[in-house]
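Reading through the structure tokens given below for one structure.
The values are calculated or read from the model by the stated rules, or taken from the named source; none is laboratory data. Only a predicted model underlies this, so the values are computations on that prediction, with no experimental measurement involved. Reconstructed Cβ throughout: ideal geometry from the backbone, glycine too, with neighbour counts over all protein chains shown.
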Amino acid sequence: MIGRRRTATLAPDRPAAHAPVVLQAAALVLAYPEAELLDRLEVLESALRDTPAVEQFAPVLAHLRGRPLGELQAFHVQEFDLSRRHALHLSYWTDGDTRRRGEVLAEVKQVYRESGLVVDLCGELPDYLPMVLEFAAIDPGRGLVLLQRFRASVELIRLGLEHDRLPHAGVIAAICDLLPGESPRNRADVQARFGEVQPVEFVGLNDVVRS
């Protein structure tokens, strides 16, 4: 989906050496599962073995190994597409269906353009978390800044997955570990730290985690 057109400039603060591996692995396991993903699980596990995130990915890798493809796909649709509790579109959590959301999506696309990478959205919105993660794996400098911009969204997804005890929770926690500062403990902490970027129309907030 994303290819290099020219060399991208990284941010001055270099990310952790293992960040690209964790980001790319997270992009793969959070996306709609296909047969190709199941064929690559051993490769993913091997790549993660030398990173601090290996244990955080263990539940989702076990989940992917433990069910037929059709069941995995149905599970993904139910938990990530039909449920607002774990929505993977980052601006959904901060802008919902407000007019501002269109501006935010345009700004995300502009980040992709400025990176010099060829990004094929494949019919998805540009703030779809697996796509943002894949972008960040290739251009960690810009990608991690983009994830930090949507830190409230990422943390709320994490809290929702942890509350519902879904195997993907550790993956989101591993992403948060790559970003500055400790993760908020609950929804109230998210609001306290990132309230200035959350509008009144905070779609889905009351459906996630009750602090």
Can you tell me which residue among 205, 125, 166 is surrounded by fewer than 22 Cβ atoms within 10 Å (Cβ to Cβ), within 18 Å of residue 88 (Cα to Cα) and modelled with pLDDT under 85? 205
Please specify each residue of the stretch 11-51 satisfying the condition of being among the charged types (D, E, K, R), closer than 20 Å to residue 136 by Cα and not in a loop (DSSP other than H, G, I, E, B). 45
Go through the stretch 137-160 and report how many residues are farther than 18 Å from residue 94 by Cβ and of a type in the set (A, V, I, L, M, F, W, C). 2
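Within the stretch 66-105, track down each residue that is among the charged types (D, E, K, R) and more than 17 Å from residue 32 (Cβ to Cβ). Spell out how you get there, then give the answer.
To start, the set of residues in the stretch 66-105 that are among the charged types (D, E, K, R) comprises 67, 71, 79, 81, 84-85, 95, 97, 99-101, 103.
Passing the criteria: 84, 85, 95, 97, 99, 100, 101, 103.
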May I ask you to verify whether residue 155 is of a type in the set (D, E, K, R), within 26 Å of residue 76 (Cα to Cα) and without any contact (Cβ under 8 Å) to a residue 12 or more places away in the chain? no
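For every residue, the table says whether it meets (1) farther than 26 Å from residue 194 by Cβ; (2) modelled with pLDDT of 95 or more; (3) touching a Phe, Trp or Tyr at 6+ places or on another chain (Cβ under 6 Å); (4) surrounded by fewer than 18 Cβ atoms within 10 Å (Cβ to Cβ).
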{"site": "46", "(1), (2), (3), (4)": "yes, yes, no, yes"}
{"site": "57", "(1), (2), (3), (4)": "no, yes, no, no"}
{"site": "65", "(1), (2), (3), (4)": "yes, yes, no, yes"}
{"site": "69", "(1), (2), (3), (4)": "yes, yes, no, yes"}
{"site": "77", "(1), (2), (3), (4)": "yes, yes, no, yes"}
{"site": "86", "(1), (2), (3), (4)": "no, no, yes, no"}
{"site": "93", "(1), (2), (3), (4)": "no, no, no, no"}
{"site": "99", "(1), (2), (3), (4)": "no, no, no, yes"}
{"site": "105", "(1), (2), (3), (4)": "no, no, no, yes"}
Here is a list: 112, 32. Which entry is farther than 19 Å from residue 158 by Cα, of a type in the set (Phe, Trp, Tyr) and under 19 Å from the mean Cα position of the chain (by Cα)? 112
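How about the stretch 188-201: which of its residues are of a type outside the set (Phe, Trp, Tyr), surrounded by fewer than 21 Cβ atoms within 10 Å (Cβ to Cβ) and either part of a helix (DSSP H, G or I) or at pLDDT 85 or above (or both)? Reasoning before the result, please.
The first filter runs over the stretch 188-201 and keeps only residues of a type outside the set (Phe, Trp, Tyr), leaving 188-193, 195-201.
Restricting the remaining residues to those that are surrounded by fewer than 21 Cβ atoms within 10 Å (Cβ to Cβ) gives 188-189, 191-193, 195-201.
Result: 188, 189, 191, 192, 193, 195, 196, 197.
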